[in-house]
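Data block below; observations after.
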Amino acid sequence: MPAIQNSNDAPAIGDPFAVVPIVPPNVETRTDEKGQLHLRVTPPLAGLKKQLARWMGQDHSHRIALDEHGTQFFQLIDGQRRLRDIADEMTAGSDRCREDVESGVILFTKQLMTRNMIALEIPVSKDPLTD
């Protein structure tokens, strides 16, 4: 699936919980002694920018430490589960209400996407008029 470069290229999403989050290959994870995840994304640099960054010892990566809920969310991303499935599993294992979990899943998905730490695959729906 081609990457979406800007909002004009983005397809309309009828159900935001039907999308499948995926972890890009340039995202690294590390687990700390408390079992919580730390994410690091390194933007792809090429050409002169890459050479200058290496020569000057610059690190263009971005890091984020996840809390227990963020760690649970990120560990449920497997490239197969939809956001709905992730929300289901997070609701089943907690005393939080469904609405709180769903709003948290949407908000956290947006935050991770903004930092390029996850991407979304939008399932292709069949159009009954073209069959």
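Values as computed for the structure displayed
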item: Dipole moment magnitude, nearest 20 debye, the range 21-121 about Cα centre, only Lys, Arg, Asp, Glu C-beta charged; result: 680
item: Ranked THR109, THR29, criterion: other C-beta atoms within 10 Å, fewest first; result: THR29, THR109
item: Potential lengthening between HIS60 and ARG84 on full extension [0.36 nm per residue; Cα-Cα distance subtracted]; result: 5.3 nm
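We did not get these values from a lab; they are worked out from the coordinates using the rules stated. Here the structure is a predicted model, which means the values were calculated and not measured. Glycine gets a Cβ as well: all are built from the backbone with ideal geometry, and neighbour counts include every protein chain shown.
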